[in-house]
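See structure below.
The values are calculated or read from the model by the stated rules, or taken from the named source; none is laboratory data. Remember, predicted model here, so these are calculated numbers, not experimental data. Quick reminder, even Gly has a Cβ in these numbers, built from the backbone with ideal geometry, and neighbours come from all protein chains shown. Side chains included, ligands, DNA and RNA excluded: accessible areas come from the protein's heavy atoms. Shrake-Rupley method; radii C 1.70, N 1.55, O 1.52, S 1.80 Å.
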Amino acid sequence: MRDLIIEAFDSVIRREIAEANDVRKEIAQRGAYWAGDEIWKLRRQVATLRKRIAELEETDA
C-alpha cells in the first residue's frame, strides 16, 4: 500500500513538473507580456467565480 501511495504522488509530481515546463516553454516563445495578460485574465475569472460562489452561498443560507 505504501508503494502504491508513493507511486501515485510521484506520478502527480512528474505531471506537475511536465506541465510547468510546458508553460515555461510557451512563455519563452510568446513573451512575458503575453504571460502577464494571461495571468490578468485568469485573476479576473477567479474573482468572478468567487463572487458568484459567494452569491450562491448567500441565497442558500
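Within region 32-61, residues that are closer than 25 Å to ALA20 by Cβ sit with their Cβ atoms under 6 Å from residues that are open to solvent by less than 70 Å² (accessible area, probe 1.4 Å) and of a type in the set (Val, Ile, Thr), at 6+ positions apart or across chains, in these pairs: ALA35/ILE27. Selection of region 1-33 for residues being surrounded by 10 or more Cβ atoms within 10 Å (Cβ to Cβ) and outside any helix (DSSP H, G or I) yields only GLY31.
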